[in-house]
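What follows draws every value from the coordinates through simple rules; no lab data is involved. Everything quoted here is computed from the prediction, not taken from an experiment. So basically every Cβ, Gly included, is an ideal-geometry build from the backbone, and we count neighbours across all protein chains shown.
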Amino acid sequence: LAHHLGDGPGHTDGSRIAPALKPNAKRPTGRAGVPANVPKPDLRSLPAWDIAITDGEDGDVPGKDYLAFSANVWNAGPAPLVVDGFRSPGKDLMDAYQYFYDANGKQVGYAPTGTMEWDPRIGHEHWHFTDFASYRLLSADQTKEVRSGKEAFCLANTDAIDYTVKNANWHPYNTDLSTACGQQNSISVREVLDVGSGDTYTQYRPGQSFDITDLPNGTYHIQVIANPEKRLKETNLDNNVALRKVVLGGTPGARTVTVPPHELINAK
């Protein structure tokens, strides 16, 4: 039987070697560190889309108005983002580590990078990495904010974003959340965001919204931030934020949203 890309110690497409999708047998030991010249991922945010007013998803408060949206953070490379989580049996959190590889697929460094937590909500039910992205609704002058309830993520290559970037993997394996994020009794997981691919969270996922019940009508900006605490090591930290303007209107229980075009994007 043919192996999926990503099986075994690594696969190659002639120009790169990708890590296996199985977590290491045990958490890393020795001094953490990242060689200066080792390839790193480059996380970038896309502007929010699929924006609408809703009365909430599972776990939201009935009778409130929510601004729901979809968002994507992708990896422009030239290296995949590889994060392992490990926990002791009975512990609620996993300790997360980012790994780094040379051109031959040999691990040459690691860095602690936050935690992973189990999300029991319907539509999730897997281990979430807590330091991947953050969503905020900013006021027109971008001085005040409302934070989304969504603050942790299971990494998966759900969408092809740009396969022209260096070392893009045209055939990533973990394209569905069920392949990547473990079971409740897992003591280790590996989550990977490959080069050229992005991880989309749609507006129908619990927590993928802002509570706007008490916000006045007017102009706001949906802010999508990749690597918000800067714990992940990247090639570039200056391209992690994307903004999408929205205009709230209507009355409580019947709020409206208008989404102006953003560059070449003219859909909500």
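Multiply the residue separation of HIS262 and TYR163 by 0.36 nm, subtract the distance between their alpha-carbon atoms, and state the gained length in nm to one decimal.
Answer, rounded to one decimal: 33.4 nm.
Suppose the chain between ALA140 and THR213 were pulled fully straight at 0.36 nm per residue; how much longer would it get relative to their current alpha carbon spacing?
Fully extending the segment from ALA140 to THR213 adds 24.6 nm.
With labels modelled as points extended 7 Å from the Cα through the Cβ direction, what inter-label distance (nm, one decimal) is found for ASP238 paired with ASP92?
4.1 nm
Suppose the chain between GLN107 and ASN37 were pulled fully straight at 0.36 nm per residue; how much longer would it get relative to their current alpha carbon spacing?
Length difference between fully extended and current span is 23.9 nm.
Please tell me the relative contact order of region 189-259 in percent, rounded to the nearest whole number, where contacts are Cα pairs under 8 Å and at least six residues apart.
The normalised contact order for region 189-259 reaches 26 percent.
So, by mean Cβ neighbours within 10 angstrom, what's the order for 26-34, 215-223 with the highest one leading?
Going from most to least packed, we get 215-223, 26-34.
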